[in-house]
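These notes concern the structure reproduced below.
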Amino acid sequence: MKTQILDFTEDNGLVLCSKGSAAQNNYERLYISEVKKLNAYAVFFRRFFKTKEDIAAYKSEPVVCVFQEVDVPVNSPRHKEIHAALWSEGKIDVYIISGKTRLDIYNARNPAEKVRENELSLENLKFTEDAVKALDKEHSAAHLFGTGTFWEQIENQNQINFEKSPYVHLINYLMKVRKGFNERSKKLEQETIDKILVLSILVKFLEEKKDLGQSTLDEIFSKYQVHSFVEAVENGKLLNVLGDLSTEFNGRIFDQFTPLEKEQIEKTDLSLFAQFLRAESDLNTQQLFLWKQYSFQHLPAEVISAIYENFIQEEAQRDGKGREKGVVYTPIHLVNFMVDEVMPLENPPSSFTDNGIYKILDPTCGSGVFLVAAYKRLLQWWAIAKSDEIGEIQYPDAWTAQKIMEDNIFGVDVKRTAVRVTIFGLTTALLDYLTPKEVWRKLKFKDLSTKNIVEVKPPTGFFKWALDAKNEGRHFSLVIGNPPFNPEKNVSKEKVLDQKILDSLGLKHPRIPRKNFALHFFEASMLLADRICMIIPSNVILYDKSSEAKDYRESLFTNYSVSDIYDFTHLRESLFVKKGSGKKVGRTPVVTLFAENKPSEFKSINHTVVKRTISVEQKVRFEIDEYDRHLVKWNWAVDSEKQFVWKTNLLGGGRLFHLIHNLSLLPTLKRYIYRKKEENSKWKYSSGYKVGGSTTKKYLAPYLTGKNTLDTKRKFNRELGFSFVEEINKEFEAPRTKELYEPPVLILAEVLGLESIPMQLFTNSQPFNISFVGIHAPLKEDLIKIKSYIEDNYKLLKAYMLATSSKLLINKETTIVKEDLDMIPFATKEDLITISDADQILLDDLLTYEIHLGKAITKNSSGAILHHPVKEKQLKEYGEAICSELNDIYAKGGNSWQSGRIYRMPSYSVYQIGFGVDGKLKQEFVANQLDDSVQSLINHDTTNRGAAYKRIVRLYDHVDGFDCVYLIKPNALRYWLKSIALRDADETFSDFKAEGY
């Protein structure tokens, strides 16, 4: 008899820990081997399939952990142990404790709450009885967790918060500790305090690694007659303990202090620091925190890196420098996502399994977060290969684990602090996979800073190192990282990008658009690597329309084999953003680029657009569904006339590209004006004057100075027009010709309004600056024609600019540039714009919904509209749209596609459409239950794959004389838009065509 808990079964993703052989892939095998140490009973996995035909998942994520415990009261030591471990590791969404008479579900994404001094409670993390009963009654648990939609349900959205993640919770507390300790301890430098704090976390980690109840540190503690590290600090034995650890482990891991620092520490009263370490009272930190909320042996090693990155940024702000210009914190979930994609657990490379070699380089390693994650993956590869021999998961011993690190992990940075923290993080990762006995008896660290993780001299840093590495014949299997997008403060780009060094390197593509900083790291790294997985600004690599950028893209996609581009542009307001110095920082649209160092095989490029969801907002995981994936033909990727394919994908893809392409073939506004100029040279078309900076060459322009110019600070009034302000500058970098400002002149603001572009026709001389575009013509009637055309066709033109602009929805929301106006279709009577019903659906949805894809999705934010529950009226409109499209192809002889039953379940809907005799399929809504035939169809498909894991499912069946399609999707509106109906129709047609229909 197969096990069932709620509706989790061994057929839909539940793996019993006692039956580890039932795991479908290495992701499941590894996690089962880990969670068995907690005596878990079972794990429900979310499974991912590459194709419809796959029987086994190529990748899985643990989402629900099940414990069968006869007697585990709430808040018992056993219960707190389970929660601390699962919350600290940050992988599981919820866990179930199943007893003889009860089944409780707990939120594993939030920490235990402090209720009294030094006391924790898990009461408020338990889901209500009603919530559990609803999951049981609706048989929806497997679907919700299998598709990743559990947190997207309205009743669950407020129960997950990134600020309560183990990483942020610990970092926030340590930042307050750091500040408080710094304010009270005047004898210690900030860097010394940082070293003490990070070393304390490392010692705390060691303190929890125990064999038979004995800590690896017990011998040292007994030597100084203390029982814990906190006691050692209280008794003035901090340096003694660290000194003994340094002797024991070598490698200078614990030998971080200079003689002067040691002297200062000896003179400092550390009792206050010990109080912070105990964290048993708030001590003005205004933070509810206890060390025992954590299980340090389950805390990922990447957290050490995250701590130091925050310290570095805090120090930059404390010094009044603002946030370091070249440094951006890389979120851990993004790092793990990239490592999973470029170093999947399945099928490790033979170079590693046979010879233990797979060399990895991070050219700007920063805190080492990428190298730590990559090193952990190497250890997992080793364990998987070993398990094939012995039948169970076994990680390498101390000597082998160290050798893997020394042979394969390499990093470069210009900051000594970065080198130190990278080594800290790698050390923690190594310790994490060793038994306490191995740590204590066998482990002897080598100094990684001599060869593996090296400090390089600024400003040329990595580039000089890369030149030496190239000359030495060094080579790496993989380069991975997040290079700086700008040089550090007070360092010019020219000094870092030393032309002599770049010439000597011999970059394959020396002409890099706008001399982009990150792309130089990419190009230099490619000289040393087989493969690259790197974060790059998306506005440069995909959306820049300059001729230089177009030429670079063509060369890049030709000379290298680019397989995948994951586009995080919609996350520009949330992925890297961290509040600091009173404003948001790190607001940058990015992609991750996957490329091999070999000529292109001219295959299509996978362009995956990551959208905002609750899980994404809370930095749990990236949710990617079928609608997010787009195949870009190689010849389109290199075609400058189809460059907007990336932008149309960003806004939904599919037919939108073809609509925009057809519009791009029409004459443009720029072309129309230039033809007019050929007829009469008095036509002028230009942006307004530019004042310029203090270092630029300037010119007198008396026709501007002292005149009323358009005011950029006050909004356009549709009744009164623009406002004015006196121009006080006397000299201008680019004053433009006087004739541009002469009447008649049509002036357009470089911004998209709701109803039209703000514009006004002036019959008097009117100056305007670079925030506006002006058109001067000899005849006022010609300008009235242009103005009327833009107003009459604004929705179409707005959609066109949104889908083609290199700025809109990339790093600007409504600001346009003259280039955007240049390229709008300007159709004359001979070039009429014809818009089909399907085209109109695309335009309407773009302007109503897709325009908000990059906006926050919280309740009162613009992006929330896409996540509202779909209404019956909208479902009907969806059905009408999909049937209409399919009927254009198939309807004949009294047979057509029709909408049938629409099953409204609490978290998803099942929409039936069928082909048969006209009017014979009845449309009706069915609430909260499925017909047996539909349930059977879904159950059959979900055996090992299908609807339990996919957000978007199409199932086919023959029912009562009708060929039926069942579309199963979450209830969020974004899945049921009419533009999505067009895409579903296309996919359905492709399925039928593949089957010969």
* Index of the failed condition, Glu155 passing every other in (1) touching a helix residue (DSSP H, G or I) at 6+ places or on another chain (Cβ under 6 Å); (2) in the same structural domain as Lys59 (by TED's automatic domain parsing); (3) free of Cβ contacts under 8 Å to residues at least 60 places away in the same chain -> (1)
* Could you please find all residues in segment 159-173 being at pLDDT below 85 and either in the same structural domain as Glu123 (by TED's automatic domain parsing) or farther than 16 Å from Ile332 by Cβ (or both)? => Tyr173
* Asked: If you scan segment 728-750, which residues turn out to be more than 42 Å from the chain's Cα centre (by Cα) and within 20 Å of Thr763 (Cα to Cα)?
  -> Arg736, Thr737, Lys738, Glu739, Leu740, Tyr741, Glu742, Pro743, Pro744, Val745, Leu746
* Structure fact -> Checked segment 245-262 for anything within 21 Å of Trp399 (Cα to Cα) and assigned to a helix (DSSP H, G or I); matches are Leu245, Ser246, Thr247, Glu248, Phe249
* **Top-ranked residue of segment 3-16 - restricted to ones that are touching a strand residue (DSSP E or B) at 6+ places or on another chain (Cβ under 6 Å) and not β-branched (Val, Ile, Thr), ranked as surrounded by the most Cβ atoms within 10 Å (Cβ to Cβ)** => Gly13
* Leading residue by the ranking (modelled with the lowest pLDDT) among those in segment 813-842 that are charged (D, E, K, R) and in contact with a strand residue (DSSP E or B) (Cβ under 9 Å, 6 or more places away or on another chain) -> Asp831
* Determine whether segment 636-651 contains at least one residue that is in contact (Cβ under 8 Å) with a residue 24 or more places away in the chain, surrounded by fewer than 20 Cβ atoms within 10 Å (Cβ to Cβ) and of a type in the set (Phe, Trp, Tyr). => no
* **Verdict on Tyr27 being farther than 22 Å from Tyr167 by Cα, crowded, with 21+ Cβ neighbours inside 10 Å and in contact with a Leu (Cβ under 6 Å, 6 or more places away or on another chain)** => yes
* Answer yes or no as to whether Ser222 is polar (S, T, N, Q) and surrounded by 20 or more Cβ atoms within 10 Å (Cβ to Cβ). => no
* Taking Val609, is it in contact (Cβ under 8 Å) with a residue 24 or more places away in the chain, of a type in the set (A, V, I, L, M) and in contact with a strand residue (DSSP E or B) (Cβ under 6 Å, 6 or more places away or on another chain)? -> yes
* Structure fact -> Only one of (1) in a loop (DSSP other than H, G, I, E, B); (2) surrounded by 20 or more Cβ atoms within 10 Å (Cβ to Cβ); (3) modelled with pLDDT under 95 does not apply to Val419, and that is (1)
* To do: State whether one or more residues within segment 801-815 are within 21 Å of Gln643 (Cβ to Cβ), in contact with a Pro (Cβ under 9 Å, 6 or more places away or on another chain) and among the polar types (S, T, N, Q).
  => yes
* Which members of segment 435-455 meet the condition of being surrounded by 19 or more Cβ atoms within 10 Å (Cβ to Cβ) and in contact with a Phe, Trp or Tyr (Cβ under 8 Å, 6 or more places away or on another chain)? -> Leu443, Phe445, Asn452, Ile453
* Structure fact -> Those residues of segment 57-85 that are touching a Lys or Arg at 6+ places or on another chain (Cβ under 8 Å) and either over 30 Å from Asp628 (Cβ atoms) or of a type in the set (A, V, I, L, M) (or both) come to a total of 8
* To do: For Tyr627, indicate whether it is closer than 30 Å to Leu783 by Cα and of a type outside the set (A, V, I, L, M, F, W, C).
  => no
* When the residues of segment 60-86 are filtered to those that are touching a residue at least 60 places away in the same chain (Cβ under 8 Å), in a helix (DSSP H, G or I) and not aliphatic (A, V, I, L, M), which remaining residue is surrounded by the most Cβ atoms within 10 Å (Cβ to Cβ)? -> Lys80
* Search result, residues across segment 751-789 that are more than 37 Å from the chain's Cα centre (by Cα) and farther than 24 Å from Asn708 by Cα -> Glu781, Asp782, Lys785, Ile786, Ser788, Tyr789
* To do: For Glu488, work out the one condition from (1) at pLDDT 95 or above; (2) not in a strand (DSSP E or B) it doesn't fulfil.
  => (1)
* Just a yes or no: is a residue in segment 933-951 in contact with a Lys or Arg (Cβ under 7 Å, 6 or more places away or on another chain) and within 28 Å of Ala141 (Cβ to Cβ)? -> yes
* Asked: Out of segment 99-127, which residues are among the polar types (S, T, N, Q) and either under 35 Å from the mean Cα position of the chain (by Cα) or modelled with pLDDT of 95 or more (or both)?
  -> Asn107, Asn110, Ser121, Asn124
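The values are calculated or read from the model by the stated rules, or taken from the named source; none is laboratory data. Keep in mind it's a predicted model, so treat the numbers as computed, not measured. Cβ: placed from backbone, ideal geometry, glycine included. Neighbour counts: every protein chain shown.
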